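The values are calculated or read from the model by the stated rules, or taken from the named source; none is laboratory data. Just so we're clear, the structure is a prediction, and the values are computed from it rather than from any experiment. A quick note on method: Cβ atoms are made from the backbone with ideal geometry, for glycine too, and the neighbour counts reach across all protein chains shown. Remember, those area values only see protein heavy atoms, side chains included, never the ligands or the DNA or RNA. Shrake-Rupley method; radii C 1.70, N 1.55, O 1.52, S 1.80 Å.
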Amino acid sequence: MKKATPTLNGSVANIHDTPALLHVVSVLENSQLVDTYPTLFLEYGQILGMQTTAQTDNLKQLLEKMQTLVSTPERPFSLKILDDGMTSHCEFLWLSSSDPTPSQGLSELILAYGYTLGFAFITGIHEQISIFLPYPEPEYAAQYPLYAPLRVTYNAPYLAMRIPSAQLLAPLSTDVISFGSKEANLRSSQLIAQKAANILRNNLREPPALADLAAQLSLTERTCKRRLQEAGTHYQQLLADLRLEQAHYWLNQRICNVSQAAERLGYSSVANFSKAFKKWSGYSPTHAKQRREPEPA
């Protein structure tokens, strides 16, 4: 029996069926669907990422999982990591091929899949990640932040990611936001919530208003509000969660102090930030900065 492959209506995906996945990518690349829906592969990758359990302890394992997504015995897909002690350059390429760089469609799928799969794990460090894509900047590049709000360089000689060396094997927290679903069908509201979170994560200091966020998602404000509620959240809650996750990382890593975190995240006062942080985490931001255990309830 042939295994199920993911579609844009959100049907269940099995990422271990690599030959079928590569066949779907090939068929889509040669179809007119890409002309009609230019973000097809980004959408496809996001759905894959939301319906996959990461089961990784660090970013290196996450990258290896991405490599497994498209590697076959007949056409091995390699992950090459170069590290100079400061920066880890993580490059993907085909082996035994005249053109070792992945196609644009496959590159976009890997980009959206990797970011979505790792969304819960890269809290606090997404600003330190750089992506290199082996094709010119597409006309719809403004849509990339909906799927992977990262710094992107186009026309690179490879498909690669660069991160600080210390982050490659750093333990990752899993107690963060997730909109994934292991049900037979992934609801469209969950996909919208994921895109909304991606947009907000890149604009935590001056976030778009709900109406502007809805416009970026091609929705009315009313529909956007309803879809977020269906996904188990709402605009203010989603923004607060993203802000406070980022603050927790900054404080825990001693990147900034409490007042700096409040300013960088757009809070009107340190008092408002401290109150929100304690309500969210159960302990004060000063406790997070000092790396102590949470205060007893």
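Worth a mention:
- Within the range 108-159, restricting attention to residues that are among the charged types (D, E, K, R) and outside any helix (DSSP H, G or I), the residue that is nearest to ALA240 (Cα to Cα) is ARG151.
- All of TYR154, TYR147, TYR140, TYR158 fail the test of being of a type in the set (Phe, Trp, Tyr) and either over 28 Å from SER31 (Cβ atoms) or touching a helix residue (DSSP H, G or I) at 6+ places or on another chain (Cβ under 7 Å) (or both), apart from TYR147.
- Selected residue [in contact with a helix residue (DSSP H, G or I) (Cβ under 6 Å, 6 or more places away or on another chain), over 18 Å from HIS287 (Cβ atoms) and part of a helix (DSSP H, G or I)] from ALA211, ALA247, ALA215, ALA261: ALA211
- So LEU228, is it in contact with an Asp or Glu (Cβ under 9 Å, 6 or more places away or on another chain) and over 25 Å from PRO171 (Cβ atoms): no
- Considered as a group, the residues in the range 273-297 that are open to solvent by less than 80 Å² (accessible area, probe 1.4 Å) and closer than 22 Å to LEU200 by Cβ include one that is modelled with the lowest pLDDT, and that residue is ALA288.
- Condition check for LEU95: crowded, with 17+ Cβ neighbours inside 10 Å and in contact (Cβ under 8 Å) with a residue 12 or more places away in the chain: no
- The conditions of being open to solvent by 50 Å² or more (accessible area, probe 1.4 Å) and at pLDDT below 95 are not met by ALA170.
- Test for THR101: is it open to solvent by 10 Å² or more (accessible area, probe 1.4 Å), of a type in the set (Ser, Thr, Tyr) and outside any helix (DSSP H, G or I): yes
- The set of residues from the range 205-250 being surrounded by fewer than 17 Cβ atoms within 10 Å (Cβ to Cβ), in contact with a Leu (Cβ under 7 Å, 6 or more places away or on another chain) and under 25 Å from ILE125 (Cβ atoms) comprises just one member, ARG205.
- All conditions but one from (1) touching a Ser or Thr at 6+ places or on another chain (Cβ under 6 Å); (2) assigned to a loop (DSSP other than H, G, I, E, B) apply to ARG227; the one that does not is (2).
- Residue in the range 36-51 that is hydrophobic (A, V, I, L, M, F, W, C), at pLDDT 90 or above and surrounded by fewer than 18 Cβ atoms within 10 Å (Cβ to Cβ) present: no
- Counted residues, the range 264-283 - those being part of a loop (DSSP other than H, G, I, E, B) and within 27 Å of ALA166 (Cβ to Cβ): 2
- Matching entry among SER78, SER31, SER71 (being crowded, with 16+ Cβ neighbours inside 10 Å and among the small types (Gly, Ala, Ser)): SER71
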